[in-house]
Structure formats: C-alpha cells, structure tokens
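K.L.:
I'd like to ask some things about the structure below.
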Amino acid sequence: MGALLSLSTMAETSKVDEYFMEGNSKYERKDYQAAIESYTKALNLSPDNVYILYNMGNAYTDAGMADQALKCYRRAADGGFEDASLFFNLGNTYMSLGEIVEAVGMYKKSIRINPMDPGVYHNLAMCYTKLGDGDNAIASYEEAVKIDPDNAGAYYNLGNVYASLNDDASAIRCYAQTVRVNPYYEKAYCNMGVSHSNLGDEDSAIDCYQRAIKVNPRYARAHYNLGIAHLHRNNSAEADACFQKVMELTPYDISAFIKIGTAYGEIGMKEKQAECFTKAADLGDEDCRKWLEENK
C-alpha cells in the first residue's frame, strides 16, 4: 500500500485541480488571459505539471503570445510529455516566430508519434517550401493528401510548388484536384490558368480565368490574367474590357496600373499605356512620371 497523502498535500492537490479546471473553463469561453491567470495559479502549486504547461501554452498561443507559448511547450517537452499534439504545437509556434528549421524538427517528432495526421505533413511541407526544398515539400504534401484526399488546401499548395519548379503539367493536375474538392477555390482556377498559358494552351487558360471570375467577380488578378490571355489571342477589345475592370476594382493599386500600362505598351497601344502610367504617377510613382515626361 502506498503512503497516504497528508491533509496539506491533499488540499494542495485539490487546489491545483481547481485552478486547472477553472483555467480550462475560461479557455473554452475564449477568455485566454483569464485562463492564463488560472493556469499560473495552478502552476505555482505544481511547477512541473506538464498538463498545465501544455494547456497554458495553448492559451498563450490563442492570445497571440507566441514567445510565452514556446516557453510553456518547451517546459512540457523537457518534462517528458511525449505527445504528438505538443510537438505539432511546438512546430507551429516555431514557424510563427520564423524559426523554420526548428519547426521542421518538431513536426518530424510529431509524425514519429502519430504518422497519420495530415495537418502535420501540410505544415511540414510549408516549412520545406520556405526553405526552398521543393522535393521534400512535394513529398510532404503528397503524404497529406494520401491521408486526407479531400484536403483542398494541400492540393493547392502542392500545385504551387510544382508551378514554382516549372512543372506546369503536374501543377494543373493538383489544381484540378483542388477544385474537385472545393469548386469555389478561385485562386486554384486562376493558377491553373497560368499553368495552361505557360504550356501554350490559351483556350484552357481563358476558361480557367472565367471560372475564377464566376466564383468571385471581384477577383482582380483573374480579370488581369484574362486580359493578358486575350492579348495573346490578339483580342484587343476583350483585353481592354478586362483591364478596365481591373482598374475599376483596384483604383488605388499603383502596381496594377503599371502592369496594365506595360501590357498596353507591348501591343503598341501607347495612348492606353500613357493613361495607365498617368494614373500611377498621380498615385505617386516616380518611374511612371519620368516615363511620361520622356514620352510627351
């Protein structure tokens, strides 16, 4: 038979539980600062309690206090708390602090404990993308969609990685899977259009941009890309209508006026180019102002 707890120890343990449950209740109500205060009281009585540290880390995370969350998670890990969610949260915290290599290590630890969580592979792939490691990013995203075939975000990001590697055929395959899962993913339609255009298939590109606009009529990038595609087809009137729409949607976007003006200039529509550069200059772009002075 084990030794009986003394009355003081039993009272102290009861108080720890009280503060801990109080913190959990406040956390569920999204009152994170109050939850932290309760967890702190519990931790003062039980300084090495990894469960308090873990929950306190979650409260700091949701309160936007990543540095404090990291300290709690690290103390929980150092205290022997071997849990996949802890290492996943550590990875997320490191990534939010820009410490990408450390995040990779934490995600790998999480995967060793639970290799069936698609979210960990997804975030690991994001880290590899930030590190410029396309091969490992692809492998991680592939694992994510293997576990969760309906993960539209993973398919989309995987498509972006392939596109960055100039593998437009594979990118199109991934974007097609994205919109299969989520038919309202306008960015996937738009990026798929870019990949089709890169492969010289302007008809498919135009169809993709139109689908993106159907989902979101105010998606300026899709209107712009559609205009460029029409230019490639020598459809200047259709291109002009698209560019006018972009300028209507983004009346204060200097970069939009510059890009559209440049596109007009490339097909010899100098008056249209000057109009766009004038708007950019009026918004403060000095390069456009110089161009206008030189091309009076």
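Here, each number is a calculation from the coordinates, and none is a lab measurement. Note that this is a predicted model, so its numbers are computed, not measured. Please note: Cβ atoms are built from the backbone with ideal geometry, for glycine as well, and neighbour counts cover all protein chains shown.
K.L.:
By what distance, in whole Å, do the Cα atoms of the stretch 124-275 stretch along each of the three principal axes, largest value first?
P.N.:
Per principal axis, max minus min of the Cα coordinates gives 53, 30, 29 Å.
K.L.:
What order do you get for Lys130, Lys272 when you list them from fewest to most C-beta neighbours inside 10 Å?
P.N.:
The fewest-first ordering by Cβ neighbours comes to Lys130, Lys272.
K.L.:
Moving on to the next point. If you average over every viewing direction, what projected area does the convex hull of the Cα atoms of the stretch 61-114 give, in nm²?
P.N.:
3.3 nm²
K.L.:
Under 26 Å from the Cα of Lys26, which lysines turn up, not counting those fewer than eight places away in the same chain?
P.N.:
Here the lysines satisfying the reach criterion relative to Lys26 are Lys15, Lys41, Lys71.
K.L.:
Quick one: give the max-minus-min coordinate of the C-alpha atoms of the stretch 203-290 along each principal axis, largest first, in Å.
P.N.:
Principal extents (largest minus smallest coordinate, Cα): 38, 26, 15 Å.
K.L.:
Something else about it: Given 10 Å bins starting at zero, what is the percent of C-alpha pairs of the stretch 105-203 in each, up to the one with the largest pair distance?
P.N.:
With 10 Å bins starting at 0, P(r) equals 19, 45, 28, 7, 1.
K.L.:
Suppose R0 equals 41 Å; then what is the FRET efficiency for Ser14 and Asn216 from their Cβ-Cβ distance, rounded to the nearest 0.05?
P.N.:
About 0.15, to the nearest 0.05.
K.L.:
Shifting gears a bit: Could you compute the net charge surrounding Ala139? Neighbours are other residues with a C-beta less than 13 Å from the C-beta of Ala139; K and R count +1, D and E count -1.
P.N.:
Summing Lys and Arg as +1 and Asp and Glu as -1 gives -2.
K.L.:
How many times 2.2 N^0.38 Å is the alpha carbon radius of gyration of the stretch 189-234?
P.N.:
Output field value: 0.98.
K.L.:
Which net charge results for the neighbourhood of Met269, defined as the other residues with beta-carbon distances under 12 angstrom from its beta-carbon, given Lys and Arg at +1 and Asp and Glu at -1?
P.N.:
It works out to a net charge of -2.
K.L.:
Evaluate 2.2 N^0.38 Å with N set to the residue count of the stretch 1-142, then give the Cα radius of gyration divided by it.
P.N.:
So the Cα radius of gyration is 1.22 times the expected 2.2 N^0.38 Å.
K.L.:
In the structure displayed, which of Lys30/Lys109; Lys109/Lys187; Lys259/Lys290 lie more than 23 Å apart, Cα to Cα?
P.N.:
Lys30/Lys109; Lys109/Lys187
K.L.:
Points 7 angstrom from Cα along the Cβ direction at Arg112 and Arg74: gap in nanometres?
P.N.:
Output for this residue pair reads 1.9 nm.
K.L.:
Relative contact order of the stretch 63-138: what whole-number percent is it, with Cα pairs under 8 angstrom and at least 6 residues apart?
P.N.:
Contact order relative to length: 24 percent.
K.L.:
Follow-up question, since we're still on this one. Over the chain, what portion of Cα pair distances is larger than 26 Å, expressed as a whole percent?
P.N.:
That tail contains 62 percent of the Cα-Cα pairs.
K.L.:
Related question: Could you list Met269, Met116 so that the one with the fewest beta carbons within 10 Å of its beta carbon is first and the one with the most is last?
P.N.:
By the 10 Å Cβ count, ascending, the order reads Met116, Met269.
K.L.:
Sticking with this one: Please give the net charge around Asn151, taking every other residue with its beta carbon less than 14 angstrom from that of Asn151, where Lys and Arg add +1 and Asp and Glu add -1.
P.N.:
Around Asn151, the surrounding residues sum to -3.
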